[in-house]
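Colleague: The structure is given below, and queries will be raised subsequently.
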Amino acid sequence: MGALVVLLALTGVVAGVALLIRRGSRRQHIVNEVIQPHRLGATELGECATLLQFSTEAGARCPDAHRTLAAVAARHAGVSHLDIDLTNRPDIARHFHVMQTPTTLVLDRSGAVQTRFGGAPSRHVVELELARLGVSDKSVAPDGSHR
C-alpha cells in the first residue's frame, strides 16, 4: 500500500514538472502572422510573394542565401527579396524567433508567413514553395509554354 502511494505521488510530480516545462517552452510566434514592411525598415512587400531573409554580418552562409533568393525573386514577376540584417536588431530576431542565420520566411501577397526555412534554402525548395503559392515563373507563358 505504501509503495502505491509513493508511486502515485511520484507520477503526480513528474506530470506537474512536464506541464511546467511545456508551458515555459511555448512559443508566442503567430502562425500566418501578417508582416508589416515598415516594421522591418522596408517600404513594401512583393505583389505576389516576398522572400524575407534574416542575416547577420557574421553569417557565413548568408551571402550565398542572398544570391539564391535574389535570383529566384528576379525570375518571378511580383516576388521581392528583402534581406534584413539582424546584427543590430535583436528585437526583430526575438520577435521572429531567429536562432540561426540565414533564416528565410516566405510571405504570401498579403504578407502572411507561409513557410519558414532555417539555414540556406536551395533554389529548388524556394521555387516549389512559390509554385505552391501560385506564383508563376517569368519564363513560363500563361499557356504553360516556355518563353
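What follows is calculated from the coordinates using simple rules that are stated; it is not laboratory data. Source: prediction; values computed, not measured. Cβ placement follows ideal geometry from the backbone for every residue including glycine, while neighbour counts extend to all protein chains displayed.
Colleague: What number comes out for the charge environment of ARG67, summing +1 per Lys or Arg and -1 per Asp or Glu over other residues with Cβ under 14 Å away?
Modeller: +1
Colleague: Still on this structure, I have one more. If you take the beta carbon distance between GLU127 and ALA3 as r and set R0 to 41 Å, what does 1/(1 + (r/R0)^6) give as a FRET efficiency, to the nearest 0.05?
Modeller: The formula returns an efficiency of 0.10 here.
Colleague: Still on this structure: Taking every DSSP beta bridge with both residues inside the range 29-124, roughly what % is antiparallel (nearest 5)?
Modeller: The antiparallel proportion sits near 65 percent.
Colleague: So how much slack lies between THR87 and VAL34, counting 0.36 nm per residue of separation and subtracting their Cα-Cα distance, in nm?
Modeller: Fully extending the segment from THR87 to VAL34 adds 16.8 nm.
Colleague: Still on this model: Using 7 Å Cα-to-Cβ label points, what is the THR43/ASP64 separation (nm, one decimal)?
Modeller: Distance between the two pseudo-spin positions: 3.4 nm.
Colleague: Taking the Cα of LYS138, stepping 7 Å toward and past its beta carbon, and measuring to each backbone N in the range 58-72: which are under 19 Å?
Modeller: 66-72, by backbone N distance to the label point.
Colleague: Next question. Between ARG94 and ARG75, how many nm apart are label points set 7 Å from Cα along the C-beta direction?
Modeller: It is 3.8 nm.
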